[in-house]
Amino acid sequence: MQFDPLSDALIKLYNAEQSGKYNVSVAPASKLLGSVLEIMQKSGYIGEFDKNDDGRGGSYDIKLIGAINRCGIVKPRYSVRRTDYEKWESRYLPAQDFGLLILTTNKGIMNHYDAKDSRIGGKLLAYVF
């Protein structure tokens with residue numbers, strides 16, 4: 001039984017990465033998961049991914065490149081002000097300018113570097129380094 005599909009997907013990604021696999025399939029597919037995977041791909045943590053629609057929620061097939069040291073979700077989803085990014089970086093990331101926080105804002109899902117540049121806050125979804 002899946003209570004949090006984003007958490008299940010990131011745990012599956014991390015476990016496949018640690019066991020040395022090159023491909024992983026994550027189900028069910030959602031727009032939220034697709035946006036998070038897109039951010040991870042742009043940042044260089046995963047390779048190509050594509051969505052398979054099988055009529056039962058779909059799945060994502062993801063190519064791993066061995067760049068993920070740790071990833072996970074943030075529960076509860078804390079609200080972040082535009083001035084408090086350093087506090088949350090020190091809590092969830094191992095070093096400054098290493099890794100990224102993924103958050104949802106009123107401009108869409110983005111990493112914390114883009115949110116800093118746009119000077120907007122949001123709610124924390126996940127972290128990856």
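Quick note: the coordinates plus some simple rules give every number you see, no bench work behind them. Quantities reported herein were computed from a predicted structural model and do not represent experimental measurements. Ideal geometry is used to build each Cβ from the backbone, glycine not excepted, and the neighbour counts take in all protein chains shown.
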Can you tell me the Rg and Dmax of the chain, counting just the alpha carbons, in angstroms?
14.4, 43
Assigned charges on the beta-carbon of Lys, Arg, Asp, Glu; the stretch 5-64 dipole about Cα centre (debye):
100 debye
DSSP-loop trypsin sites (Lys or Arg not before Pro) across the stretch 24-66, with at most 10 other Cβ within 10 angstrom
Arg56
Using only Cα atoms and rounding to the nearest 10 degrees, what angle (0 to 90) does helix 31-42 make with the longest principal axis of the chain?
80 degrees
For Asp114, Asp54, what's the fewest-to-most ordering of other Cβ within 10 Å of each Cβ?
Asp54, Asp114
Working from Cα positions, state the angle (0 to 90°, nearest 10) between the long axis of helix 5-18 and the longest principal axis of the chain.
80 degrees
Most positive-pole-ward Cα, Gly47, Ala16, Phe3, against dipole of the chain from beta carbon charges:
Phe3
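Hey, what's the per residue convex hull volume over the C-alpha atoms of the stretch 71-128, in cubic angstrom?
Details: hull volume 4.0 nm³, N = 58.
Hull volume normalised by residue count: 68 Å³.
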If every Lys and Arg gets +1 and every Asp and Glu gets -1 at its Cβ, then about the Cα centre the chain yields a dipole, in debye to the nearest 20, of 440 debye
Provide the gained length on full extension for the span Arg56 to Lys87, in nm with one decimal, where the gain is 0.36 nm per separating residue minus the Cα-Cα distance.
7.1 nm
Please go through the residue pairs Lys51/Lys75; Lys87/Lys116; Lys12/Lys123 and name each one whose alpha carbons sit more than 18 Å apart in this structure.
Lys51/Lys75; Lys12/Lys123
Cα lying deepest toward the dipole's positive end in the chain, options His112, Leu64, Trp88, charges on Cβ
Trp88
In the stretch 1-64, which chymotrypsin sites (Phe, Trp or Tyr not before Pro) are in a loop and have at most 11 other Cβ atoms within 10 Å, using DSSP for the loop call?
Phe3
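Would you mind getting me the FRET efficiency between Gln18 and Ala95? Use the beta-carbon distance for r and R0 = 22 Å, nearest 0.05. Could you put the intermediate results ahead of the total?
Working: r = 20 Å, r/R0 = 0.93.
So the FRET efficiency works out to roughly 0.60.
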